[in-house]
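The values are calculated or read from the model by the stated rules, or taken from the named source; none is laboratory data. The shown structure was predicted, so the numbers you read here are calculated from the model rather than taken from an experiment. Methodologically, a virtual Cβ is constructed for each residue, glycine included, from the backbone with ideal geometry; neighbour enumeration extends over all protein chains shown. Calculation scope for accessible area: heavy atoms of the full protein, side chains included, ligands and nucleic acids excluded. Shrake-Rupley method; radii C 1.70, N 1.55, O 1.52, S 1.80 Å.
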Amino acid sequence: MGGCLLNSVACAAFHSLEKYGSVGIVDFDAHHGNGIANCVQEEVRIKYVSIHEGISRNVMNQRRPEYDPRSPSEIDTGPNGNIKNIELSKGGGRDAMEAALTAGLEFLEGCDILLVAAGFDAHEKDVTSGLMLKSEDYKMVGEKLREFGTPLAVGLEGGYTQELAGERDGSDSVLSDCLLYFVDGIEGR
């Protein structure tokens with residue numbers, strides 16, 4: 001149900017198993033990573049955390065389509081317990097993301113490599129979610145990932161705002177602002 005033809009993070013996770021004993025994936029994105037969860041749910045050497053905006057409880061009572069076997073609910077841990085969903089409330093910002101990342105990274109403790117599905121659609125100017133992160137909040141996200149202390153690989157997931165009023169270093173878009181702050185955090189600047 002995702003927007004990708006090829007799930008690059010899931011492919012990278014299975015490829016990483018050739019070199020590393022265990023793989024952690026953290027997906028911070030306003031939308032649930034049901035595609036990644038579906039791909040990795042049977043492989044116990046891969047742990048997956050999806051940090052996403054929570055959905056209405058009424059939606060959880062509806063039947064999901066057959067082709068969407070993973071729920072965004074925090075109670076869905078997958079058939080092998082290797083999936084953790086963390087729902088953020090509408091209006092959630094930096095503090096909510098930081099708490100979610102802390103909990104998610106605790107779940108991934110002991111993994112030999114960390115793969116990141118980096119989505120920037122939780123930005124306050126992005127109309128695809130009700131989350132309220134600011135561009136500079138992504139520096140904290142990068143810092144927390146760096147502090148995890150394992151090899152790290154990052155893939156871009158999303159950031160859909162059409163806002164072209166970047167504010168940092170003459171950048172031309174909100175997405176580039178988010179990316180610059182995120183990389184600063186990863187590099188410890």
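Quick notes on this structure:
- Within region 5-54, the residues that satisfy the criterion of being at pLDDT below 95, polar (S, T, N, Q) and assigned to a loop (DSSP other than H, G, I, E, B) are N7, Q41.
- Applying the condition of being crowded, with 24+ Cβ neighbours inside 10 Å and among the small types (G, A, S) to region 31-56 and asking which residue is farthest from F107 (Cα to Cα) yields G33.
- Residues of region 119-138 that are under 16 Å from S89 (Cα atoms), among the small types (G, A, S) and open to solvent by less than 10 Å² (accessible area, probe 1.4 Å): A122 alone.
- Being buried (at least 19 other Cβ atoms within 10 Å of the Cβ) and not in a strand (DSSP E or B) holds for only one residue in G92, G110, and it is G92.
- Taking every residue in region 106-117 that is touching a residue at least 24 places away in the same chain (Cβ under 8 Å) and pairing it with any residue that is acidic (D, E) and in a loop (DSSP other than H, G, I, E, B), at least 6 positions away or on another chain, the pairs with Cβ-Cβ distances below 7 Å are A117/D29.
- Number of positions in region 161-189 that are of a type outside the set (G, A, S), modelled with pLDDT under 90, surrounded by fewer than 18 Cβ atoms within 10 Å (Cβ to Cβ) and out of contact with any Lys or Arg (no Cβ under 6 Å at 6 or more places or on another chain): 6
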